[in-house]
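Notes to accompany the following structure.
The values are calculated or read from the model by the stated rules, or taken from the named source; none is laboratory data. Treat the numbers as computed from the prediction; the structure is a model and nothing was measured. Counting neighbours? That spans all protein chains shown, and the Cβs are built from the backbone with ideal geometry, glycine included.
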Amino acid sequence: MELEIATSTLIGFCFALVRTTAWIVICPPFNSPAVPVRVRVGLATAISFVLAGRVGSVAMAGEADPLAIGPFVVALVMQALAGIALGFAVYILFTALQAAGDLIDLQVGFSLGAVLDPISGASSAPIGRFHQLLGLIVVFAIDGHVLVVRGYLRSVEAVPTGRIDIGRLAEELAGLGTVFFTSAVEIALPVLAALFCTEIALGLLGKAAPQLNILMLGFAAKTFVAIILLGLTLALLPASTESLLVRSVTSIGRAFGG
């Protein structure tokens, strides 16, 4: 018994596998080291099987011969770049959440005690890492991972060959960069404003009572204020995470004509 596989399906699977692998390597929550490599490989392979027929039929219908070495390599590179662009758009979301926590860490003084995070493999301060992990939990709680996969599938349906408008993509990524900075400040703003008022109060107290150790008192006071306000503002984080996720998927979908 011989198993025959259509040439278009085999080529489509190769293109889809390269694109999906590049996307999973960059895109949260699948890029986390906490997700086993076998799970990521299996997910990329499963998605590629689903997309193989669509991508292969479009590749075979193109003007260039996909079996030639030159066009085949160029097509692989285009697919990889398309996957990286898709993953980077969602990656900005989690970077914004962590940046909001890092701003608070910097203001409180926790950034001086940044330690190696065994999960990410990078140094991180406690509040920044807490924001990132909480955002990851929220994404799974609201089925955001399903939205991300669905957005990826629609992008492949819109542009199976991976050839995208670079100008439009750059415009959308620049817009996401602006959203990243704005969102990071907006998420951290309530805590930062309270910490700024605490700094002013400590400065006035230091003038009124020079004998007090303002350095030690200030660290304890800012820590107390930051923890209290973090507990009050955590209820707003799920809505912010969902809004950023939808914005990221919609923005990159426009770049791919979706």
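Which one is surrounded by the fewest Cβ atoms within 10 Å (Cβ to Cβ), of the residues in region 190-226 that are of a type in the set (S, T, N, Q) and in a helix (DSSP H, G or I)?
Result: Thr223.
Out of all the residues in region 173-207, which are modelled with pLDDT of 80 or more, among the small types (Gly, Ala, Ser) and more than 33 Å from the chain's Cα centre (by Cα)?
Passing the criteria: Ala201, Gly203.
Which condition number does Pro160 fail, the rest of (1) in contact with a helix residue (DSSP H, G or I) (Cβ under 9 Å, 6 or more places away or on another chain); (2) surrounded by fewer than 18 Cβ atoms within 10 Å (Cβ to Cβ) being met?
(2)
Find the residue count for region 8-54, including only residues that are surrounded by 17 or more Cβ atoms within 10 Å (Cβ to Cβ), touching a residue at least 40 places away in the same chain (Cβ under 8 Å), part of a helix (DSSP H, G or I) and within 22 Å of the chain's Cα centre (by Cα).
Final tally of qualifying residues: 10.
Here are the criteria: (1) aromatic (Phe, Trp, Tyr); (2) under 24 Å from Ala44 (Cβ atoms); (3) touching a helix residue (DSSP H, G or I) at 6+ places or on another chain (Cβ under 7 Å). Tell me which single one Phe180 does not satisfy.
Failed condition: (2).
Quick one: would you say Thr95 is among the β-branched types (Val, Ile, Thr), more than 19 Å from Ser32 (Cα to Cα), modelled with pLDDT of 75 or more and assigned to a helix (DSSP H, G or I)?
no
Taking the options Phe140, Phe130, name whichever one is surrounded by fewer than 18 Cβ atoms within 10 Å (Cβ to Cβ) and in contact (Cβ under 8 Å) with a residue 24 or more places away in the chain.
Phe140
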